[in-house]
Each structure stands twice: as structure tokens, then as C-alpha cells.
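The values are calculated or read from the model by the stated rules, or taken from the named source; none is laboratory data. Keep in mind that this is a model prediction, so the values were computed, not measured. Here the Cβ positions follow ideal geometry from the backbone for every residue, glycine too, while neighbour counts run over all protein chains shown. Side chains are part of the model used for accessible areas, which takes the heavy atoms of the whole protein and leaves out ligands, DNA and RNA. Shrake-Rupley method; radii C 1.70, N 1.55, O 1.52, S 1.80 Å.
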Amino acid sequence: MAQSPLEIEIRKRIRLAGPMPVRQFMTLCLTHPDHGYYTTRDPFGVAGDFITSPEMSQVFGELVGLWAASAWQQMGQPENVRLVELGPGRGTMMLDALRAAQAVPAFRAAIVVHLVEVNPKLREKQQQALGTVDVPSMWHETFEEVPDGPAIILANEFFDALPINQAIKQFNGWYERVIEIDGNDNLTFGIASEVIPLFDQLVPAAVRDAPVGAIYEWRTDNLALGIGQRVVRQGGAALIVDYGHTKSAAGETLQAVGGHSFVDPLTSPGEVDLTAHVDFEAILLAAESMGARIHGPVDQARLLRNLGIDKRAAALKAYASPEKANEIDEACKRLLGENRTGMGKLFKAIAISHPDLVPNSGPMPGFES
Ligand SMILES: C[S@@+](CC[C@H](N)C(=O)[O-])C[C@H]1O[C@@H](n2cnc3c(N)ncnc32)[C@H](O)[C@@H]1O
């Protein structure tokens, strides 16, 4: 098979500099300025590689918008609030959230939208989508660029797209997992030549007893620390929805998806989506260490039911044609489903808030048991 332009570059870098850590490989595959998966295409929909909850049904974004409105009320209704979305895709969730926010006019009037997006093609789509609404919007390359002030931060299927590091346990300690070129001239996984010093003391306790050959994944982007610090210092809350594990654990979750199917992560670099499960415990611990209050994880099904998905779907169906009503039912089944194809249990939600946001240390909306 012909090598993709990015594979040619990765091979060149490996020949010049030696085996490439998984994190560097994933970063190049996703965000290389000319050949990265997220810098060159719109990956959504039937013609793309995957479909996300907001693309499945308007109900998802609308409920997120109502969550944001109640977070704003709990914040004391500041006159100006940044409504930040990390990785907004086609802008669908923000558009649906803003429509739902019309139910609380003072909240909608207080919003300036801030979108954090690396993908120029998706940025364009977001600009088109949000060009139809009367709310000021700004774009940023990174979360740190969002100007100071109270903020409500939203992220759906964003953290899974952030590059991971991988280490593999051997008899004498943990070694970084790398990509190298094998004797048959194929890209293959390998192990760095030197042990990572003191790594056993750095990994979560549950990972220390992992057997030889186990893989541990972690992210070093510090985004959870940044979100925790921001909501504590400047007020606000964050809602994060993604797939992953509620407790830190050993295990390999790096996966590649192209054309709605799983493929080998090392074939077609830059042409397929690379993701890894989110370690929700690691995010919550990082945010808590900055003084933030943490909520969840709860299953996506519980979050959406607590936020009123059944009522909202029934209201939409009341005015829908039979075909449209059937579509709404099918989308809700997928969002709430607990089987292999459902997202209700696989996806989890967490929230991070200013410590005083909810009176009497109660849960944020959606996180009630
Ligand atoms: C899987 S998509 C999810 C999109 C959207 N949240 C949804 O649910 O439909 C990931 C999004 O994050 C963006 N993205 C990926 N890596 C990023 C990064 N490092 N910084 C900013 N945006 C990024 C992608 O371009 C895309 O908009």
C-alpha cells in the first residue's frame, strides 16, 4: 500500500532520531500542520469516520445548554460569562445549546462564546453554524488563550483526542512504548532502550502491581489542572463527556477508526482518527488538587435522564411526523443504550466547579443519584 505523506515523514524522523514515543506519533497523526487528521478534514457523519452525540440528536446539545444555564444561575448570574467549548466539531452542540439557552434570556444575553479548535476546516463550519445566531463568538487554538473571567466550559469527545503516553512494564521496571521500523520495513511498536526512572512511584497505586507486559497510558497536557485552576480562581464550571474508565488502571486503549471501522493504528498515519480512553479519575484528581469541586463520573444515560431527555424527546415528538418521531426514538436509544452499540454506559460525564458553586455541597444538575 502507498505510504501516506505523513508516514513518509514519520519514517524519516525515525531514521534520523531513533524510535518515536507514542505521544509524539499520536500528536503528529492528529495535528501535524499539513498532514494531521484534525488539520486536514471534516471527519463527521456517514461520509466521514464517526458520529458523535450532538450530531445524532439536537436533544444532546439542548440539554447541555440547560445544564450551562443552571450552572450560570449557581454562579450568581454574572453579567458576562464565557461559554467555552473545547473541540466543537461542526458547532452543532453549541448551536443547540444556545437555542435551549433562550429559555433563560438573561443567561443568553450574558454569553460570549469561545471555541477552542485546531482544525481550520471545522473552524469554518463552526463559523457558518454560529453565523446564524446573535451571540458574539471568538476562536482560539488553545484553552489558555481564552480571556480571563467567569467561564462555563464544555467538552464532548475532546479529551479522547488528546495524545497519550504509553509505558510497558518489564521485569526491571517500566519502559516508554515507541514506534520503530522493523526488519520487514514496517512501522511497529517497540520498547525504549532505557527504563523510566522511579516510574512505579509515579503511577497510581492500582497500576503498581500490574503484570509484566502491562501497558499504562497517561496524558501530560495539564488541561485538567488548567480547568481546575480556572474555575477556582475566576469562577465557573466545566462539563466533560467522553468514553473511558472511571478508575485509573493498566490497559491499552489506543485505537484507530477510519470509515466507521476499527483499523490498525500504525497504518495510514494522518488518514485515520486516533483516540484513547479518558482516565476520568486522573482528570478529577488533577482538578481537585487545584481546589475545585468534582462531580461524577456518572454514565451518560444518567446525566441525560437527570437533565430531562425523556421529557424533551416527548415534546419534540409531539410535533413530529411519524418518520421524524421514529428518528428521535432511535437517536435517544443510541444516546442512552447500554449495549455494545449504545453510548449510555460507555460514555461518562464529570463536572468540575468552583468549590462554592453548589450550596450545601450538593451535586451539580445531572449528577444527582
Ligand atoms: C471527536 S471530535 C468531537 C467534536 C464535537 N465535540 C462533537 O461532539 O461532535 C474532536 C474535536 O476536537 C478538535 N480537536 C482535536 N484535537 C484538538 C486540540 N489539540 N486542540 C483543539 N481542538 C482539537 C477536533 O478538530 C474536533 O473538533
Quick check of the Kirkwood formula: for the chain, what is the inverse mean of 1/r over all pairs of different Cα atoms, in Å? 21.6 Å
Work from the charge dipole of segment 64-142 (Cβ charges, +1 for Lys and Arg, -1 for Asp and Glu, about the Cα centre) and give the residue of VAL112, VAL133, GLN74 farthest towards its positive end. VAL133
Inter-part distance where segment 269-320 and segment 188-243 are each reduced to a Cα centre, Å: 19 Å
Normalised by the number of residues in segment 314-369, what is the relative contact order in percent for Cα pairs under 8 Å and 6+ residues apart? 14 percent
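Write out the GluC sites (Glu not before Pro) in segment 81-148 meeting two conditions: DSSP loop, and at most 12 other Cβ atoms within 10 Å of their Cβ.
In loop regions of segment 81-148 (DSSP not H, G, I, E or B), the sparsely surrounded GluC sites (Glu not before Pro) are GLU141.
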Taking the square root of 5 times each eigenvalue of the Cα gyration tensor, what semi-axes in Å does the equivalent ellipsoid of segment 179-267 have, largest first? 31, 21, 14
Segment 152-223: equivalent-ellipsoid semi-axes (sqrt of 5 x gyration tensor eigenvalues, Cα, Å): 25, 20, 10
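In segment 150-209, what chymotrypsin sites (Phe, Trp or Tyr not before Pro) fall in a loop by DSSP, with at most 13 other Cβ atoms inside 10 Å?
Qualifying residues, ordered by number: PHE171.
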Computed on Cα atoms, the radius of gyration and Dmax of segment 25-125 in angstrom are 15.5, 46
According to the square roots a ≥ b ≥ c of the eigenvalues of the Cα gyration tensor, what is the shape class of segment 245-366, taking rounded for a/c under 1.5, prolate for a/b larger than b/c otherwise, and oblate for the remainder? oblate
Where trypsin sites (Lys or Arg not before Pro) fall in DSSP loop in segment 336-369, at most 14 other Cβ within 10 Å: ARG340
Per the Kirkwood treatment, what hydrodynamic radius in Å, one decimal, follows for segment 106-259 from the mean inverse distance over all distinct Cα pairs? 18.9 Å
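In deg cm²/dmol, rounded to 500, what helix-only [θ] at 222 nm does the chain give when every DSSP H run of at least 4 residues adds -39500 (n - 2.57) and the total is split over its residues?
Mean residue ellipticity, 222 nm, calculated: -10500 deg cm²/dmol.
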For the chain, the percent of accessible surface on carbon and sulfur atoms (probe 1.4 angstrom, ligands and nucleic acids excluded) is 53 percent
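Per residue, what accessible area does the chain have, given a 1.4 Å probe and all protein chains present, in Å²?
Heavy-atom accessible area per residue stands at 45 Å².
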Amide H of TRP139 versus every other amide H placed in the peptide plane: which residues, excluding those fewer than 5 positions away on the same chain, fall under 5 Å? LEU115
